[in-house]
Amino acid sequence: MNWVMLFTRSGSEEKLIGLLDDKLKANGFSPFLPTKEMPYRSKGVIYKKRKSLFPGYIFPRTEVAPDLIADQLRVALKERSRTQINPE
């Protein structure tokens, strides 16, 4: 299996994982998104939120060759943009 590093817009890592998971699930696609629980304060109350250790990066492990992942990602993004422009 190959490890691949994908760059995406920061904050949209989960969306990309979902998109690729649908397209590459049959090919042994298993994404890895390292996160850390970070405390933050709002109105005097401390909350915890999971944040990406490497914002904008996803590390999938797959049996698909890296160049095929790029091709399938382009196809998936085109399909998604078509459905957003022309919802049916």
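Miscellaneous remarks
- Across the stretch 1-16, the number of residues qualifying as touching a Pro at 6+ places or on another chain (Cβ under 9 Å) and under 12 Å from R61 (Cα atoms) comes to 5.
- Every pair of residues 6+ apart whose Cβ atoms lie under 9 Å, when the first sits in the stretch 36-62 and is at positive phi while the second is surrounded by 10 or more Cβ atoms within 10 Å (Cβ to Cβ): G56/F7; G56/T8; G56/R9; G56/S10; G56/G11; G56/S12; G56/E13
- Of all residues making up the stretch 24-83, the number that are in a helix (DSSP H, G or I), among the basic types (K, R) and either loosely packed, with under 12 Cβ neighbours inside 10 Å or modelled with pLDDT of 90 or more (or both): 4
- Every condition in (1) closer than 20 Å to L77 by Cα; (2) surrounded by fewer than 16 Cβ atoms within 10 Å (Cβ to Cβ); (3) not aliphatic (A, V, I, L, M) holds for T8 except the one numbered (2).
- Scan of the stretch 7-35 for residues that are touching a residue at least 40 places away in the same chain (Cβ under 8 Å), out of contact with any Phe, Trp or Tyr (no Cβ under 7 Å at 6 or more places or on another chain) and over 14 Å from A65 (Cβ atoms), ordered by number: T8, R9, S10, G11, E13, L16, I17, L19, D22, K23
- Residue count, the stretch 22-72 (criterion: of a type in the set (A, V, I, L, M) and farther than 14 Å from F7 by Cα): 8
- Subset of the stretch 1-23 [outside any strand (DSSP E or B) and touching an Asp or Glu at 6+ places or on another chain (Cβ under 8 Å)]: M1
The values are calculated or read from the model by the stated rules, or taken from the named source; none is laboratory data. For clarity, every value in this text was computed on a predicted model and none was experimentally measured. All Cβ positions, even for glycine, are placed from backbone atoms using ideal geometry, and neighbour counts span all protein chains on display.
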